[in-house]
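Since the structure comes first, as structure tokens, the remarks are kept for the end.
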Amino acid sequence: MLQTIIDHSKERFLLCTHVNPDIDGVCSLATILSWMQEKKMNVKGLIQDPIPGKNFLHGLGGAISNESDFDSNEPFTLIALDCASKERIWPESIVDKPDKVINIDHHMDNPNFGDFNFVNPKASSTAEMVIKALIKHEKNITKSWAENCYAGIIFDTGGFRYSNTNKDTFTTAIECLKYGVNPSVVSENVFQTWTQSAFTVLRFALENIQMLTSEVLFTHITNSVIVENKLQRPDFEGVVDMLRLQHGCMITIFARENNPGEWKGSIRSTENMPIITLAHDLNGGGHMNAAGFTYNGTLEEITSIVNDFLLKKWLING
């Protein structure tokens, strides 16, 4: 991965992650950006606002959020980090302009859309891939790189609670600790970030819960509520993970109506109930037990698609 970047080091680079960025995408971008800057490469990072983790992740000084600040008419190589598909790259306007694309990701349904593809579905996170590559390639690993990537690992594994956690995840996390990472401080920064608005989202989500079966929880929040309460994208982060704590729940689905008729959803499930096909049915993707979707239509249509999936899985009677 890093050797490919070095082989093209004389080129002009742009680092991007996915639309609605999360900690894993941002920390991976910031770490690679910092490493490339140290190598004196011509590189910029472009991340959609608001940037999660901006107050504690390292290396974001060279990142921009205004796409007009990058001249995409001049030749450049795009490095896409944590993007499950080409369509997930932000900004959309940049997708077809690079001379080459280096695709670094860990999603199982990534179609290898790059000219150079480094996709490892067995990795817990893109951050895990990045820090392992740095440890293999570099003699001097900075605390900042390790701290960034530890944050990405614990974010994507839910603090080592999700099914994407494995032996390599713990081994890599331990490697990060060797470089001075304080787990409690990083965990506090990653997880203890809820605002009053986030609790407002949780309140409405709890009020709208439907138990489609005794093991399947579905809830939503409408656009009118979002507008009335001036809720922003970061306010929704982590809500589905709170809802999934219900005892005996195998599948948890939380949908929010960003614009009238445009739904953004998160799906979580237990290890023995993969939901990636459900995400695909809803025009989304992700992992076996953690996925997302963007669906244009009605709430009733989403519920119908979910019920069809449950019928196929024999979770409800036909």
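Within segment 236-254, the residues that satisfy the criterion of being farther than 15 Å from I275 by Cα and touching a helix residue (DSSP H, G or I) at 6+ places or on another chain (Cβ under 8 Å) are F236, E237, G238, V239, M242, L243.
Mind listing whichever residues of segment 11-42 are among the polar types (S, T, N, Q) and part of a loop (DSSP other than H, G, I, E, B)? Correct list: T17, N20. Checking the stated criteria, S163 turns out to be out of contact with any helix residue (DSSP H, G or I) (no Cβ under 9 Å at 6 or more places or on another chain), surrounded by 17 or more Cβ atoms within 10 Å (Cβ to Cβ) and among the small types (G, A, S). Under the condition of being more than 14 Å from F13 (Cβ to Cβ) and touching a Gly at 6+ places or on another chain (Cβ under 9 Å), the residues counted in segment 32-51 number 1. Among the numbered conditions (1) at pLDDT below 95; (2) in contact with a Gly (Cβ under 6 Å, 6 or more places away or on another chain); (3) not small (G, A, S), the only one that R233 does not meet is (2).
Residue count for segment 110-125, restricted to those that are buried (at least 18 other Cβ atoms within 10 Å of the Cβ) and assigned to a loop (DSSP other than H, G, I, E, B): 7. When you check G45 against the structure, is it assigned to a helix (DSSP H, G or I) and assigned by TED's automatic domain parsing to the domain that holds C176, yes or no? No. Condition test on G265, is it at pLDDT 95 or above, farther than 18 Å from I209 by Cβ and out of contact with any Gly (no Cβ under 6 Å at 6 or more places or on another chain)? No; evaluated as a whole, the condition is false for this residue. Test each condition in (1) touching a His at 6+ places or on another chain (Cβ under 8 Å); (2) in a loop (DSSP other than H, G, I, E, B) for Q3 and report the one that comes out false. The number of the failed condition is (2). Of note, G285 satisfies the criterion of being farther than 21 Å from I209 by Cβ, outside the structural domain of P21 (by TED's automatic domain parsing) and crowded, with 19+ Cβ neighbours inside 10 Å.
Of the residues contained in segment 233-240, one or more are found to be out of contact with any His (no Cβ under 6 Å at 6 or more places or on another chain), aromatic (F, W, Y) and within 17 Å of I267 (Cα to Cα). Only one of the numbered conditions (1) surrounded by 22 or more Cβ atoms within 10 Å (Cβ to Cβ); (2) over 17 Å from the mean Cα position of the chain (by Cα); (3) under 30 Å from K312 (Cα atoms); (4) not charged (D, E, K, R) is not met by N208, and that is (1).
The values are calculated or read from the model by the stated rules, or taken from the named source; none is laboratory data. Remember, predicted model here, so these are calculated numbers, not experimental data. All Cβ positions, even for glycine, are placed from backbone atoms using ideal geometry, and neighbour counts span all protein chains on display.
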